[in-house]
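> After the structure tokens below, expect a handful of questions from me.
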Amino acid sequence: MEFVKEFATFLHQNGIIKFGEFTLSSGKKSSYYVDLRLVPSYPHQYRRMIKYLQNLISEQIGFDNFDAIASVPTGGLVIASSLAFEIVKPLVYVRSEAKGHGTGKLVEGIVKNRMKILVVDDVATTGGSVTNGIKALKEAGASISDVYVIVNRLEGADDALKKEDVTLHHLLDILEIAKILHEFNLIEKSVLDKVQKQTEGT
């Protein structure tokens, strides 16, 4: 829990998570913006995040329960690469679209039939991109039961993945981050309320 509090504070203090009025790539309005692609610019914090993720996976599902790690570029791929390196597991990734030259593959790396793959991403919102990635991996013959993300925005990803018989795990969710920051007097109660309303879809 100590790491979670420190990490939430670190994200806020370094502008990796910002509160205000933002328009997301989907066109949707949001009361906050989180850009985890900035975390690797802070190597000590980044390493601690990877170690914490590694420990969480070890405790919750165990390293023997999957054969390889997969991700969707670009945010999640950096995290998945570091994790695969640390625990010495093969890495594969799903392109956002098949390349129009060469072999035209959608999945890069070796995926064998019935291979158990753990999917790792940076942020989960509605679960759309990760669900597409899971479908592509399944079509390639993989078996997937778990996804890990750093931040869960609590906007439908859990339910979307449940429909695919996949469990979503996270290091932190946005409500937890906002509560920690409010507890440390780093954000106003009104900001916490806005985040809560967003997670409730109101």
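> Can you list the residues, at least 5 places off or on another chain, whose amide H is less than 5 Å from the amide H of His170, using H built in the peptide plane?
Val149
> Let me ask you something else. Any chance you could run the full-extension gain for Gln54 through Val88? It's 0.36 nm times the residue separation minus the Cα-Cα distance, nm to one decimal. Show your work: numbers first, answer last.
Numbers: separation 34, 0.36 × 34 = 12.24 nm, distance 1.14 nm.
Extending this stretch completely gives an extra 11.1 nm.
> To the nearest 20 debye, what charge dipole does the chain have about its Cα centre, counting +1 at the Cβ of each Lys and Arg and -1 at the Cβ of each Asp and Glu? Write down the numbers at each step before the final one.
Numbers: 24 positive and 25 negative charges, 102 e Å.
About 480 debye.
> At 0.36 nm per residue, and after removing the present C-alpha to C-alpha distance, how many nm does the segment from Thr126 to Thr23 gain when stretched out fully?
Numbers: separation 103, 0.36 × 103 = 37.08 nm, distance 1.53 nm.
Computed gain between Thr126 and Thr23 is 35.6 nm.
> Could you rank the peptides 70-79, 174-183, 19-28 by their average count of other C-beta atoms within 10 Å per residue, with the highest value first?
On the way: 70-79: 21.8, 174-183: 19.8, 19-28: 10.8.
Output ranking for 70-79, 174-183, 19-28: 70-79, 174-183, 19-28.
> Still on this structure, please answer the following. When the chain is fully extended, how far beyond the present Cα-Cα distance does His44 get from Lys197, taking 0.36 nm per residue of separation? Don't skip to the end; give the middle numbers.
Working: separation 153, 0.36 × 153 = 55.08 nm, distance 3.35 nm.
Stretched fully, the His44-Lys197 segment lengthens by 51.7 nm.
Each value in this text was obtained by applying a stated rule to the coordinates, not by laboratory testing. Small disclaimer: the values here were computed from a predicted structure and weren't measured. Positions of Cβ are generated from backbone atoms using ideal geometry, with glycine treated the same way; all protein chains shown enter the neighbour counts.
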